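Have a look at the structure below, then the notes.
The values are calculated or read from the model by the stated rules, or taken from the named source; none is laboratory data. Small disclaimer: the values here were computed from a predicted structure and weren't measured. Here the Cβ positions follow ideal geometry from the backbone for every residue, glycine too, while neighbour counts run over all protein chains shown. Note: accessible area is taken over every heavy atom of the protein model, side chains too, but ligands, DNA and RNA are not part of it. Shrake-Rupley method; radii C 1.70, N 1.55, O 1.52, S 1.80 Å.
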Amino acid sequence: MKTKTFVHRLLTAAVALLVMSCSSGEAQAQEPDHSTMAQKMNITIDGQTATVTLADNSATQALVGKLQEHPVTATLSSSGGFEIWGALGFALPTSDQQTDAQPGDVILYNGSNICIFYGTNTWSYTRLGHIDGLTESELRTFLHAGETDIHVTLSLYQSTAIRSVSVSGSPSRSYTLQGTLAQRGTKGIIISNGKKALR
């Protein structure tokens with residue numbers, strides 16, 4: 001009798017553990033893996049919004065820090081028949097390299113200018129990202145190709161799903177809101193690994 005009771009308890013415990021294990025596995029499967037989610041921002045022009053998948057570099061890290069404070073609006077104009085561009089109003093860290101810019105590319109030029117392409121060009125740029133899902137024709141319409149004084153607003157996209165940006169293979173660096181490298185002892189708001197800290 002005691003043996004049967006022991007076996008019954010053992011089987012009950014095993015079933016309970018199995019049920020808990022399955023439930024835990026289902027919960028883990030349903031929970032999103034934020035580490036694999038792409039970093040994104042919105043570009044809004046004249047009430048129309050497109051999403052941009054951002055590159056993974058120190059410029060986008062500093063830009064995300066800015067956008068966590070508030071959206072950024074810049075006035076851009078068409079140039080060269082392949083882009084709209086203009087001043088951001090602040091500088092970002094650069095990692096310029098010879099780049100074949102394609103339609104939809106969002107580029108940092110000279111550290112403080114943003115270029116958004118509806119055509120192609122080759123120059124020394126820092127890549128910020130690429131507009132998702134628009135054809136070249138749709139880009140020309142969205143970006144108001146050929147026009148001047150185009151008001152462009154940059155903002156974060158679904159900030160709750162955004163992972164921090166890190167520079168692969170590089171030591172962690174901190175930046176000021178002006179986009180300059182924060183030295184030891186720098187006071188104020190500092191951006192490090194996509195997160196703000198007050199020193």
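Using the Karplus equation 6.51 cos²θ - 1.76 cosθ + 1.60 (θ = phi - 60°), what ³J(HN,Hα) coupling, rounded to whole Hz, does each residue of the range 71-87 give in order, writing x for Gly and Pro?
Those phi angles translate into x, 10, 10, 10, 9, 10, 9, 5, 8, x, x, 9, 7, 10, 8, x, 6 Hz.
Leaving ligands, DNA and RNA out of it, rank LYS187, LYS66 by accessible area with a 1.4 Å probe, largest first.
Working: LYS187 165, LYS66 35 Å².
The residues order as LYS187, LYS66, largest area first.
Would you kindly calculate the translational diffusion coefficient of the range 61-156, applying Stokes-Einstein with the Kirkwood radius from alpha carbon pairs, for 4 °C and a viscosity of 1.567 mPa s, and quote it in µm² s⁻¹ without decimals?
So the translational diffusion coefficient is about 97 µm²/s.
Which net charge results for the neighbourhood of PHE82, defined as the other residues with beta-carbon distances under 11 angstrom from its beta-carbon, given Lys and Arg at +1 and Asp and Glu at -1?
Summing Lys and Arg as +1 and Asp and Glu as -1 gives -2.
For LEU128, list long-range residues whose amide hydrogen, built 1.01 Å from N in the peptide plane, is under 5 Å from its own amide hydrogen.
Hits under the 5 Å cutoff: VAL106, ILE107, LEU108.
Can you sort ASP96, ASP105, ASP132, ASP46 by 1.4 Å-probe accessible area, starting with the largest?
ASP46, ASP96, ASP132, ASP105
With every protein chain left in place, what is the accessible area of THR122 in Å² (1.4 Å probe, nearest 10)?
Near enough 60 Å² of accessible area.
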